[in-house]
Amino acid sequence: MPRHTSDETLAVHAGEKLGKGADEAATDSIATPIVSGATHWFKSSEDLIAFKEGRRHSHEYDRYSNPTVKVLEDKISALERAEATLVTSSGMNAIVATLLALVPPGGHVMTTTDCYSEARAFIGDRLSKMGIRSTFIDLDDMESLKAVLDQDDVTLFYADFPTNPLLKCVDIRLVAELCHRKGALVCIDSTLASPINQKPLTLGADIVVHSATKYLAGHHDVTAGCVSGSEALISKIRAWHHDLGGAISPNAAYMIMRGLKTMALRVEAHNRTAQQMACLLECHPKIERVHYPGLESNSWHQVAKSQMTGYGGVVSFEVKSDLSGTMRFVDALEIPFIATSLGGCESLVQQPAVMSFWGKSDEEKAKNGIKDNLVRFSCGIEKFEDLRDDILQALEKI
């Protein structure tokens, strides 16, 4: 495809008109067809042998590959500037397959204390039973990362950028330089950024994962994940993925492709609305603190500015109230849905102390920076003025 093609154009055409899509699912249709067959046939035994020996590209069984899914993988690879991509049935499946493939028994995973909670539990609880060690560091303390790298053999460093829900930002260039010097791989979960706002592989990361459910699909109607990187690394992950059985259906792949075509437009709207909302809330007398890397006052702003072209659609903030008062604010909102997830057309809101951390101890909430008055607002693509008026009227209920 042409060099320096924009993300807007890649999101529409990559893998299809500008890629291998015409070979994958030959058609004169503008829309990539949904190839729903679970198994694929060969013309002859010689044809099969040519496929097995790599002299002919084709598909055998949908748990391994599918023409529609392959077009989606090529599109994501183009957006991430990756050699290869594996699309999976969920973001968590992508994370698990990556860790199992790249960290052997006796290996060592280093991650942050505020990485995705399900990934944190898998790394700390499940991998330990497989003879894999784990170390958790505070993202605010890069000296700890250097110390762990100096003292022990780290196989892989895993982190979210930005983190959820406090939107902290790791210096990917610095981390990649430090880790590679010690022979460790770097895996970045870029779900809250999207490929439009950030490309971790161009910053030095070896692997980038996404919950494709969020910005990539963009409509709250499909569950999927993806992992991108070099052909060598993705081949290892793909082998594990075949055994785990986390294949995505071609129908879901098509829905993500359709969502990707408008991702650049949607993310631009998410970025714009979230930036305006963060500025509004930062000046409001009933808000104690706003967490958004797009604000110059944010401690992570300079790192984010050096690595991102936009700061995403999630804004977290602390209301000047207690648990009950913050619940009144959330309940008074009329436009957003009270729900988990992010990156869709509809705005979503949640109070982490009630949603993700309900039933957790005060110690665990404090360790993760979760206060009773913390709110996470995932901006949709509604008009900012409508969301603004809704938030202002809800704050009056406190």
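Miscellaneous remarks
- A search for C-beta distances below 9 Å between a residue of region 118-146 that is at pLDDT below 95 and any residue that is loosely packed, with under 13 Cβ neighbours inside 10 Å and among the hydroxyl-bearing types (Ser, Thr, Tyr), counting only pairs 6+ apart in sequence or on different chains, returns Asp140/Ser299.
- In region 151-165, the residues that are not assigned by the TED database to the domain that holds Val175 and modelled with pLDDT of 95 or more never reach a residue that is among the hydrophobic types (A, V, I, L, M, F, W, C) and open to solvent by less than 10 Å² (accessible area, probe 1.4 Å) with C-beta atoms less than 8 angstrom apart, at least six apart or across chains.
- From the options Glu346, Glu396, residue that is closer than 23 Å to Ile196 by Cβ and surrounded by fewer than 18 Cβ atoms within 10 Å (Cβ to Cβ): Glu346
- Residue ID - surrounded by the most Cβ atoms within 10 Å (Cβ to Cβ), chosen from residues in region 263-274 that are among the hydrophobic types (A, V, I, L, M, F, W, C) and under 20 Å from Val290 (Cα atoms): Ala274
- Given (1) hydrophobic (A, V, I, L, M, F, W, C); (2) in a loop (DSSP other than H, G, I, E, B); (3) open to solvent by 60 Å² or more (accessible area, probe 1.4 Å), index of the condition Leu295 fails: (3)
- If you go through region 305-329 and pick out every residue that is open to solvent by 10 Å² or more (accessible area, probe 1.4 Å) and among the aliphatic types (A, V, I, L, M), you end up with 3.
- Of all residues in region 245-262, those that are open to solvent by less than 40 Å² (accessible area, probe 1.4 Å), within 26 Å of Ser347 (Cβ to Cβ) and out of contact with any Gly (no Cβ under 6 Å at 6 or more places or on another chain) total 4.
- Any hit, region 63-81, residues being at pLDDT 85 or above, assigned to a helix (DSSP H, G or I), in contact with a helix residue (DSSP H, G or I) (Cβ under 8 Å, 6 or more places away or on another chain) and basic (Lys, Arg): yes
- Among the residues listed as Val170, Val186, the single one being under 22 Å from the mean Cα position of the chain (by Cα), assigned to a loop (DSSP other than H, G, I, E, B) and assigned by the TED database to the domain that holds His108: Val170
- Subset of region 1-23 that is part of a helix (DSSP H, G or I) and at pLDDT below 55 - its residue that is most open to solvent (accessible area, probe 1.4 Å): Asp23
- Odd one out for Lys75, checked against (1) open to solvent by less than 30 Å² (accessible area, probe 1.4 Å); (2) closer than 18 Å to His241 by Cα; (3) among the basic types (Lys, Arg): (2)
The values are calculated or read from the model by the stated rules, or taken from the named source; none is laboratory data. As the structure is a prediction and not an experimental result, all values here were calculated from the model. So basically every Cβ, Gly included, is an ideal-geometry build from the backbone, and we count neighbours across all protein chains shown. What goes into the accessible areas is simple: the full protein's heavy atoms, side chains included, and nothing from ligands, DNA or RNA. Shrake-Rupley method; radii C 1.70, N 1.55, O 1.52, S 1.80 Å.
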